[in-house]
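Here's the structure, in structure tokens; my notes come after.
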Amino acid sequence: MATDYYGLLGVDRSASDAELKKAYRKLARELHPDVNPDPEAQERFKQVTAAYEVLSDPQKRQVVDLGGDPLAPGGGGGSPFGAGGFAGFGDIMDAFFGGAGGRGPRSRVQQGSDALLRIEAELDEMAFGTTRELTLETAVRCGTCDGAGTAPGTLPTTCETCRGRGEVQQVQRSFLGQVMTTRTCPRCVGTGTVIEHPCHECHGDGRVRARRTLTVKIPSGIEDGMRIRLAGEGEVGPGGGPPGDLYVEVHEVPHPVFTRDGDDLHCTLTLPMTAAALGTSLPLATLDGEEQLDVPAGTQSGEVLTLRARGVPHLRGTGRGDLHVHLEVKVPTKLDEEQVALLRQLAELRGEERPGMTAKAGGGLFGRIREAFDPR
């Protein structure tokens, strides 16, 4: 019976090369003798390795798909552990060490990181926009060595440990024989060069901390917590590398009168009972200045008057939000004798000396009680 190579790797017969490689890597990490000393795991490791070697070879895979076994005697294949060495050795190294070998030295110049600065702004600044002068401290390119990290007149030298490769190799023995692993050079940290005479200003880093000032434009309509991106204004990278971005996070200072809901504004206006009953016109402070607010007669507490387009401008697009004025009718608590007499007279005129409880017929608790005691 032919070996089920697909079953050994746990993949479908239609698996792509990438899926085969992913499945093999996963199993190899679990079953390798350096990780799992169980003899059964070692035997299975040999099997999955052979399965991957077969299925990764187009000709051998074709034999499998036709029902044959390329590793069986006369099967058209050969043992993966034949005289020619292990055919999948490179993939084993890739599975265990992430393809770390052969990368060569990395650049000493690296991309800088982003920076974040939080500022506060008043409501009118966020509504109509403004500009701010910001002072911040970030890493900038060293002016003495221009980011090279070396003292004037000197250059980096080739690392003697890795001979400029940025990597060192180590040979270990395993059941496969000698296995060579590759690691980042500890002396040059993968760059392949060593700065023997570092710059006295940046100590070889190629950057220094410095305080600087820049201008940021706060757009109209920005909301609390939003961030403004300033490209290339962040931290300069090691070796004088390109800087990251600066993000300015804007927080709104609470306003003494208005509260904000998106682009709409809300405020509360307290009216005397008489003004609410008779109606009035009074000045109201808005973001655009003072305006007259007309309160109709008979206004009830809790009603809302809306001033269109008196809110915050839309951040994207045209137009503005609205200003919603919430009215609160204040009932007087301290009355002199004359005021009491006038209110009693008003109550008599309106037939409100003894205000009764009203309810809709047939609705609610009081409606049902009235129906129960109604003699009709």
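The values are calculated or read from the model by the stated rules, or taken from the named source; none is laboratory data. Owing to the predicted nature of the structure, the values given are computational and were not obtained by experimental measurement. Don't worry about glycine lacking a Cβ; one is built from the backbone with ideal geometry, like all the others, and counts go over all protein chains shown.
To keep it simple, each residue is scored yes or no on (1) at pLDDT below 75; (2) touching a helix residue (DSSP H, G or I) at 6+ places or on another chain (Cβ under 8 Å); (3) charged (D, E, K, R).
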residue	(1), (2), (3)
MET1	yes, no, no
LYS26	no, no, yes
VAL48	no, yes, no
GLY88	yes, yes, no
ASP91	yes, yes, yes
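So in segment 93-128, with the set limited to residues that are modelled with pLDDT under 95 and aromatic (Phe, Trp, Tyr), which one is surrounded by the most Cβ atoms within 10 Å (Cβ to Cβ)?
Per the criteria, the residue is PHE96.
For segment 237-285, give me the residue count where each residue is more than 22 Å from GLY298 (Cα to Cα), surrounded by fewer than 19 Cβ atoms within 10 Å (Cβ to Cβ) and in contact with a Pro (Cβ under 9 Å, 6 or more places away or on another chain).
1
Does any residue of segment 164-174 turn out to be surrounded by 21 or more Cβ atoms within 10 Å (Cβ to Cβ), over 30 Å from ALA28 (Cβ atoms) and touching a strand residue (DSSP E or B) at 6+ places or on another chain (Cβ under 9 Å)?
No, because not a single residue in segment 164-174 is surrounded by 21 or more Cβ atoms within 10 Å (Cβ to Cβ), over 30 Å from ALA28 (Cβ atoms) and touching a strand residue (DSSP E or B) at 6+ places or on another chain (Cβ under 9 Å).
Check THR191, THR131, THR138, THR181 and return the single one that is buried (at least 20 other Cβ atoms within 10 Å of the Cβ) and either charged (D, E, K, R) or part of a strand (DSSP E or B) (or both). Write out each step before concluding.
Details: THR191 fails: either charged (D, E, K, R) or part of a strand (DSSP E or B) (or both); THR131 fails: buried (at least 20 other Cβ atoms within 10 Å of the Cβ); THR181 fails: buried (at least 20 other Cβ atoms within 10 Å of the Cβ).
The conditions single out THR138.
Could you please tell me which pairs satisfy a Cβ distance under 6 Å, a separation of 6+ or placement on different chains, a first residue in segment 319-339 that is loosely packed, with under 10 Cβ neighbours inside 10 Å, and a second residue that is of a type in the set (A, V, I, L, M, F, W, C)?
Partner pairs satisfying both residue conditions: VAL331/MET273.
Among GLY234, GLY225, GLY298, which is out of contact with any helix residue (DSSP H, G or I) (no Cβ under 8 Å at 6 or more places or on another chain) and either assigned to a strand (DSSP E or B) or loosely packed, with under 13 Cβ neighbours inside 10 Å (or both)? Steps first, answer last, please.
Numbers: GLY234 fails: either assigned to a strand (DSSP E or B) or loosely packed, with under 13 Cβ neighbours inside 10 Å (or both); GLY298 fails: out of contact with any helix residue (DSSP H, G or I) (no Cβ under 8 Å at 6 or more places or on another chain).
Result: GLY225 is the single residue among GLY234, GLY225, GLY298 that is out of contact with any helix residue (DSSP H, G or I) (no Cβ under 8 Å at 6 or more places or on another chain) and either assigned to a strand (DSSP E or B) or loosely packed, with under 13 Cβ neighbours inside 10 Å (or both).
Return yes or no: is ASP205 within 39 Å of the chain's Cα centre (by Cα), outside any helix (DSSP H, G or I) and under 30 Å from HIS324 (Cβ atoms)?
Working: within 39 Å of the chain's Cα centre (by Cα): yes; outside any helix (DSSP H, G or I): yes; under 30 Å from HIS324 (Cβ atoms): no.
The answer is no for ASP205.
For (1) under 18 Å from ARG106 (Cα atoms); (2) in contact (Cβ under 8 Å) with a residue 40 or more places away in the chain, each residue gets a yes or a no:
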| site | (1), (2) |
| --- | --- |
| ALA151 | no, yes |
| CYS159 | yes, no |
| GLY166 | yes, yes |
| ARG187 | yes, no |
| PRO198 | no, yes |
| GLY204 | yes, yes |
| THR215 | no, yes |
| GLY232 | no, no |
| PRO238 | yes, yes |
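Could we say that GLN292 is surrounded by fewer than 13 Cβ atoms within 10 Å (Cβ to Cβ) and not in a loop (DSSP other than H, G, I, E, B) here? Give the steps one after another, and end with the answer.
Numbers: surrounded by fewer than 13 Cβ atoms within 10 Å (Cβ to Cβ): yes; not in a loop (DSSP other than H, G, I, E, B): yes.
Against the criterion (surrounded by fewer than 13 Cβ atoms within 10 Å (Cβ to Cβ) and not in a loop (DSSP other than H, G, I, E, B)), GLN292 qualifies.
Can you name every residue in segment 263-296 that is within 25 Å of LEU315 (Cα to Cα) and small (Gly, Ala, Ser)?
Result: ALA285, GLY289.
Quick check on segment 28-56: of everything there that is touching a residue at least 60 places away in the same chain (Cβ under 8 Å) and in a helix (DSSP H, G or I), which residue is nearest to the chain's Cα centre (by Cα)?
The initial filter retains those residues of segment 28-56 that are touching a residue at least 60 places away in the same chain (Cβ under 8 Å), namely 28-29, 32-34, 42.
Adding the requirement that they be in a helix (DSSP H, G or I) leaves 28-29, 42.
Details: ALA28: 34, ARG29: 32, GLN42: 43 Å.
Residue satisfying both the conditions and the ranking: ARG29.
Are there any pairs, at least 6 apart or on different chains, whose C-beta atoms fall under 6 Å, with the first in segment 60-72 and among the basic types (Lys, Arg) and the second buried (at least 16 other Cβ atoms within 10 Å of the Cβ), and if so, which?
Qualifying pairs under 6 Å: LYS60/VAL54; LYS60/PRO70; LYS60/GLY77; ARG61/LEU55.
Those residues that are closer than 19 Å to LEU269 by Cβ and of a type in the set (A, V, I, L, M, F, W, C), I need them from segment 310-339; list them, please.
LEU323, VAL325, LEU327, VAL329, VAL331
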